[in-house]
Amino acid sequence: MGILNLSSQLNQNILGICLLIWVIVEYKVMVKQDKRPSKKDIKAIIFFSILTVVFASISVFIFENRLGNIKTHLNLFFWIGILIIFIGIFIRQYSMYIMGSSYVATLQVQEKPKLIKKGPFKVVRHPCYTGFMISLWGLAISLLNWDFFVLTLFFSVSLFLVQISIEEKELEKYFGNEYVEYKKKTKKLLPFIL
């Protein structure tokens with residue numbers, strides 16, 4: 001039995017530990033925030049909540065009916081998914097580090113922010129979302145279910161594109177032509193693609 005053929009229970013435990021680490025990292029980010037949500041944020045939070053309920057409901061249906069399960073001998077996908085989760089966490093955390101005090105978890109623009117164009121921001125405008133989305137994709141891959149992967153891909157891209165369209169209106173108002181020019185040189189989420 002090689003390392004890629006661990007028991008299903010052990011895989012579940014490893015995935016659980018991985019998700020716990022992810023939740024702790026995200027919780028630490030949220031706790032640092034000292035801003036109260038604005039009315040614009042409340043609308044985005046409600047939209048996000050509705051999408052999350054729809055996503056969770058469809059996910060439960062997929063798993064309860066065992067739709068799209070991958071054969072267990074393809075355990076390599078589990079490990080690839082775990083690796084992708086941590087790559088996404090790294091991208092998100094590194095992007096927040098680059099942003100420093102400019103990072104806020106809401107749609108508010110900090111007072112006197114500077115437009116950041118270094119690090120991952122040279123290639124994509126929203127690398128924090130990119131990292132989070134990549135982690136979600138890693139989770140979907142590690143669960144060894146193609147239907148769940150497609151669902152996660154669709155919902156994550158849809159959710160972040162809506163969030164970005166709202167956020168970029170605010171950024172254009174604040175930064176003006178500088179942001180419009182920056183948009184011409186970068187992609188929203190995925191380098192060279194989207």
query = Can you find a residue in the range 163-180 that is in contact with an Asp or Glu (Cβ under 8 Å, 6 or more places away or on another chain), in a helix (DSSP H, G or I) and at pLDDT 90 or above?
reply = yes
inquiry  = Considering only the range 164-178, I want to know if a residue exists there that is surrounded by 14 or more Cβ atoms within 10 Å (Cβ to Cβ) and small (G, A, S).
reply    = no
note = Per the list (1) touching a Gly at 6+ places or on another chain (Cβ under 7 Å); (2) modelled with pLDDT of 85 or more; (3) among the hydroxyl-bearing types (S, T, Y), residue check on T152 breaks on (1)
request  = Would you please list the contacts, defined by Cβ atoms under 8 Å and residues six or more apart or on different chains, that run from a residue in the range 152-171 that is more than 11 Å from M133 (Cα to Cα) to a residue that is among the hydroxyl-bearing types (S, T, Y) and assigned to a helix (DSSP H, G or I)?
outcome  = Q163/Y129; I164/Y129; E168/Y179; L171/Y179
request  = Being modelled with pLDDT under 85 and basic (K, R) is the filter; apply it to the range 76-132 and report the residue that is surrounded by the most Cβ atoms within 10 Å (Cβ to Cβ).
outcome  = K114
request  = Provide a single number: the residues in the range 111-158 that are within 18 Å of K188 (Cβ to Cβ), in a helix (DSSP H, G or I) and hydrophobic (A, V, I, L, M, F, W, C).
outcome  = 11
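The values are calculated or read from the model by the stated rules, or taken from the named source; none is laboratory data. These numbers were taken from a predicted model, which means no experiment stands behind them. All Cβ positions, even for glycine, are placed from backbone atoms using ideal geometry, and neighbour counts span all protein chains on display.
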